[in-house]
Amino acid sequence: MPDEELVSTKKCPHCQQWSSWRLQPTDRCEHCGQLLDPQGHSRAQEQAAAAQQKPTIRLLEVGPEDKGFTRFWKTMVRGGQLLFIALMGFFIWLVTAIAS
């Protein structure tokens, strides 16, 4: 019984006929071939696109053409950025740990 696939039926929004529906956004009508859940299909595509995007952290870049004084200050600012990110992560973890 646990290996059985969950199957239900859904009325096609295009041809108004009932078709088997496996609760997947890509399921199609057995009669007309259209998607049984067009909104679910577009939501699934948007979620997949959002999952592909990785969050980026923009740090100050220290270029190889920078002179010594500029390189020093850019490195200091970059260290401050990393320290800020580390502190924010720690505080978020702390609040989450206390809340649970």
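Data overview
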{"item": "In region 39-61, the residues that are among the aliphatic types (A, V, I, L, M) and closer than 21 Å to GLY89 by Cβ", "result": "ILE57, LEU59, LEU60"}
{"item": "Every residue from region 56-76 that is assigned to a loop (DSSP other than H, G, I, E, B) and of a type in the set (S, T, N, Q)", "result": "THR56"}
{"item": "Checking LEU60 against (1) under 28 Å from the mean Cα position of the chain (by Cα); (2) outside the structural domain of VAL77 (by TED's automatic domain parsing), the condition it does not meet", "result": "(2)"}
{"item": "Every residue from region 32-55 that is in contact (Cβ under 8 Å) with a residue 24 or more places away in the chain and either in a loop (DSSP other than H, G, I, E, B) or exposed (fewer than 10 other Cβ atoms within 10 Å of the Cβ) (or both)", "result": "LEU36, ASP37"}
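The values are calculated or read from the model by the stated rules, or taken from the named source; none is laboratory data. Bear in mind the structure is a predicted one, so any value in this text is a computation, not a measurement. Neighbour counts run over all protein chains shown; Cβ positions are idealised from the backbone, glycine included.
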